[in-house]
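The block underneath contains the structure these notes are about, expressed in structure tokens.
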Amino acid sequence: TDSPKIARLQTAQQFYQSGQFLAAIHTWKAAAEEYRAQGERLHQSLVLSYLALAYQQVGQFQPATEAMNEAMAFIAQQTVSQPTAKLIVAQFLNNQGEFQLVQGQPETALETWKKAEKAYREISDRTGEIGTQLNQARALQVLGFYLSAKTTLEGVQASLNDQPDSQLKISGLLNLGNLLRIVGDFATAQKVLEQSLAIAQKLQSTPDIQIATFNLGNLAEARQQPEVALEFYQQAAAANSSVRLPAQIRQLDLLVESDRIVQAQALLPDIQIQLAKSPPSQATIYAEIALAESLAKIGTWATGA
């Protein structure tokens, strides 16, 4: 009887992961209502926590907080003993940590993710456990504890090496590769990011291929290889994914930096169309700021100032 509900939740997840946040909100709201009507408080809490994350993505912080508070209140009332119930609590804690990180509470998020890791470990869910360790590394990064984050991620990498190739493995390697770039270990970062790209290609996961390629572009830029970076960004922007817009903006910036104004101007209409279609979110705001900076440089260049 639950299969239509599960299908709906999977659809909502796909909407969320592909950046269609309003569609995800609509789907999760309907699911939360259905669980409420049937008195399935635990499932309702989990769906509300997903809903809170989607609201955050579109900058609706009031409804996001209300949804998360409601979810927390329901979770607190439940007695959790069955493995399925424990899994829901673990997933809820993982979402709560994500919510806290976006709210600018990395210390709280770190503690929540440690609880989530413990909850996953209790039900021997290795994938869930690794996912929360990845999240802990992100919180440590935000707190500026790069070495602790690196240690955590190296532990994750060791765990992932024993796991079959999966989306989680790609994600783990991407995070590690980015962190190694931040701490300046470019050679290892290159290896790790290339490994994540190879797995994404093997699994034929276009969004992951685009993300890995984009990150290789960022690394090439850090290594002061603008031509290599430009090529990676062009590949990353070739298909529709969450990194298409940032890849185009990085491309624009590199073209402007190297005085290739005609090529830069040719990119502008597509970037403006992308921005117009994007729902309001932090990523969109960053993209608009970056675009404004590039346009200012083009203006300066064009007037010969």
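The values are calculated or read from the model by the stated rules, or taken from the named source; none is laboratory data. All values derive from a computational prediction rather than experimental measurement. In this analysis, Cβ positions are derived from the backbone assuming ideal geometry, glycine residues included, and neighbour counts consider all displayed protein chains. When the accessible area is computed, the model is the full protein with side chains, heavy atoms only, and any ligands, DNA or RNA have been set aside. Shrake-Rupley method; radii C 1.70, N 1.55, O 1.52, S 1.80 Å.
Helix 261-277 and the longest principal axis of the Cα set of the chain meet at an angle near 20°.
Assuming R0 = 41 Å, can you tell me the calculated FRET efficiency for the pair A76 and N161, based on Cβ-Cβ distance, to the nearest 0.05? Efficiency, from the Cβ-Cβ distance: 0.60. Note on K202: aspartates and glutamates with a C-alpha under 18 Å away, same-chain residues under 8 apart excluded, are D162, D165, E194.
Taking the average, over residues, of other Cβ atoms within 10 Å as the packing measure, peptides 211-222, 125-136 rank 211-222, 125-136 from highest down. Treating r as the C-beta distance of T108 and R8 and R0 as 25 Å, the FRET efficiency rounds to 0.25.
What percent does the relative contact order of region 168-232 come to when contacts are Cα pairs within less than 8 Å and at least six residues apart? In percent, rounded to a whole number, it is 29.
Against the main long axis of the alpha-carbon atoms of the chain, helix 186-202 sits at an angle near 70°. Taking one quarter of the surface of the convex hull spanned by the alpha-carbon atoms of region 65-165 gives a direction-averaged projected area of 6.8 nm².
In order along region 160-166, the Karplus-derived 3J(HN,Hα) couplings, from 6.51 cos²θ - 1.76 cosθ + 1.60 at θ = phi - 60°, round to 5, 4, 7, 8, x, 4, 7 Hz, and Gly and Pro are given as x.
With N set to the number of residues, divide the alpha-carbon radius of gyration of the chain by 2.2 N^0.38 Å and report two decimals.
1.08
In the context of the full set of protein chains, region 242-286 has a per residue accessible area of 52 Å² (1.4 Å probe).
Listed by chain and number, the lysines placed with their C-alpha closer than 16 angstrom to that of K191 are K150, K169; residues fewer than eight positions away on the same chain are left out. Helix 21-37 and the longest principal axis of the Cα set of the chain meet at an angle near 0°. Here the label points at E122 and F186, each 7 Å from Cα along the C-beta direction, are separated by 4.7 nm in the simple model. Taking I289, I25, I182 in turn, the Gaussian network model of the chain (Cα-Cα springs below 10 Å) assigns the largest fluctuation to I289. When the Cα atoms of region 1-124 are aligned to their principal axes, the ranges along those axes come out at 39, 33, 24 Å in descending order. Across region 209-214, computed HN-Hα scalar couplings (Karplus, 6.51 cos²θ - 1.76 cosθ + 1.60, θ = phi - 60°) run 4, 4, 5, 4, 5, 4 Hz from first to last residue, x flagging Gly and Pro. Spacing of the modelled spin labels on A222 and L268, each 7 Å from Cα toward Cβ, amounts to 3.2 nm.
In whole angstrom, note down how far apart the Cα centers of region 18-71 and region 108-124 are. Centre-to-centre (Cα) distance: 21 Å. Using just its DSSP H runs of length 4 or more, each adding -39500 (n - 2.57), the chain gives a mean residue ellipticity at 222 nm of -27500 deg cm²/dmol after division by all residues.
Who wins for biggest fluctuation among T108, T27, T79 in a Gaussian network model of the chain, springs between alpha carbons below 10 Å? Highest fluctuation of the listed residues: T79.
Measuring nothing but how far apart in sequence close Cα pairs (under 8 Å, 6+ apart) lie, relative to its length, the chain scores a relative contact order of 10 percent. Would you tally the net charge around N175, using a Cβ to Cβ cut-off of less than 13 Å, leaving N175 out, and scoring K and R as +1, D and E as -1? Local charge sum for N175: +2.
All other residues with a Cβ under 14 Å from the Cβ of L245 taken together, and with Lys, Arg as +1 and Asp, Glu as -1, what is their net charge? Net charge in that neighbourhood comes out at 0. Here region 36-96 exposes an accessible surface that is 51 percent carbon and sulfur, computed with a 1.4 Å probe and the other protein chains kept in place. Of all lysines in the structure, those lying under 26 Å Cα to Cα from K29, and not within fewer than 8 positions of it along the same chain, are K5, K86, K277.
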